[in-house]
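Read-outs throughout are calculated quantities, based only on the coordinates presented, and are distinct from any laboratory measurement. As the structure is a prediction and not an experimental result, all values here were calculated from the model. In this analysis, Cβ positions are derived from the backbone assuming ideal geometry, glycine residues included, and neighbour counts consider all displayed protein chains.
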Amino acid sequence: MVWPKKIHISEVGPRDGLQIEKTILSVAQKASIINHLVLAGAEEIEIGSFVNLKAVPQMADTEKVFAAIDKKDNITYRVLVFNLQGIKRAAAAGVKFVQLAHSASISHSIKNLNKTPSQMIQELPVILDYATAHDIVLSGAISTAFGCAIEGKVDIEQVFKIISSFYSLGVLDISLSDTSGMAVPRQVYEYCLKVKERFPAIRLGLHFHNTRGTGLANVIAGMQAGVDRFDSSIAGLGGCPFAPGASGNVATEDLVHMSQEMNIETGFDLPLLISIGKEIQKIVGHDTESFLIKAGMPYAANP
């Protein structure tokens, strides 16, 4: 096994982590968290989303959050969108990096987006044209790529169909998301190999939830398949409001710890990440799904 020398971690806590929290943070609190995550080493952060304000009120102030953060030229500040309206909001706010989410599951797509995957695909050319005209870099995310809480396992051909729609239009940064936390390592390994074989130019990323305790194991399976790009969430916050039972993402500090112990570079300051995670737990008012916050740093004094 040849392990990667370095992995690229996209921090999604400010979006995926906070979108299901009952406590809605202020703009100042969100901006502070984002700024501190940059200090801890984050080079790509999903700061929020431009989606239905009534469905996800926690993300209603994303424009204000983007305006409030201390922007650094070398940092990618990304938002999640579902449609052309979301892209237009991103352009109006001055956001230049946008991830467009499609679902591989028909049931999840209808529940989450009120459209089938095929209907979403038909809208993609118009969305990409608008993004290009406004100098927005578009990436793709495929929700429920490994399984759906409503439909069960998702056939890889459904995933291929969506990848093909992105691929044909030149969108090469694509993430497979385990929205319901149903993926297992062998499935992840096989899916990644098949995607890389059929679409060799794709820059493949992986997004795992730890709903059933397989999050880090799935990261290892992705590494074994040659993937070196992963999403994670500070303190293990997160979950999808439209995926029954979906719990937090893989915790950034857990992923960083595991990688560093395997001599895989991440670029993150682990003690600072743990400190940020502890502060977030105080803000949201409950413990989160983070092993490192509970157990502390190995071989050293805890932060």
Please give the length that would be gained between residue 265 and residue 133 if that part of the chain were fully extended, namely 0.36 nm times their separation in residues minus their C-alpha to C-alpha distance (nm, one decimal).
43.9 nm
Hydrodynamic radius by Kirkwood, which averages 1/r over all alpha carbon pairs of segment 133-290, in angstrom:
16.3
For segment 134-144, Karplus couplings with θ = phi - 60° (6.51, -1.76, 1.60), whole Hz, Gly/Pro x:
10, 6, 9, 8, 9, 10, x, 10, 10, 6, 6
From the convex hull of the Cα coordinates of the chain, what is the mean projected area in square nanometres?
14.1
Karplus ³J(HN,Hα) for segment 251-266 (6.51 cos²θ - 1.76 cosθ + 1.60, θ = phi - 60°; Hz, whole; x = Gly/Pro) runs 6, 4, 5, 5, 5, 5, 4, 4, 5, 4, 5, 9, 6, 10, 6, 10
Determine ³J(HN,Hα), in whole Hz, for all residues of segment 269-277 in sequence, where each value follows from phi through the Karplus function 6.51 cos²θ - 1.76 cosθ + 1.60 and θ = phi - 60°; x replaces Gly and Pro.
8, 5, x, 5, 4, 5, 4, 5, x
The set of residues whose placed amide H lies less than 5 Å from the amide H of residue 10, leaving out same-chain residues fewer than 5 positions away, is 230, 231, 232
Other-chain or far-sequence residues with amide H under 5 Å of residue 205's (modelled H)
174, 175, 176
Rank-order 148-155, 46-53, 67-74 by packing density, defined as the average count of other C-beta atoms within 10 Å over each peptide's residues, highest first.
46-53, 148-155, 67-74
Restricting things to alpha carbons, tell me how big segment 256-303 is in terms of Rg and Dmax, in Å.
11.3, 34
Of all beta bridges DSSP finds with both residues in the chain, what is the antiparallel percent, to the nearest 5?
10
If the cut-off is 18 Å between C-alpha atoms, which lysines fall inside it for residue 30, apart from same-chain ones fewer than 8 positions away?
22, 64, 71, 72, 278, 282
With contacts defined as alpha carbon pairs under 8 Å and 6 or more residues apart, what's the relative contact order of the chain in percent?
20
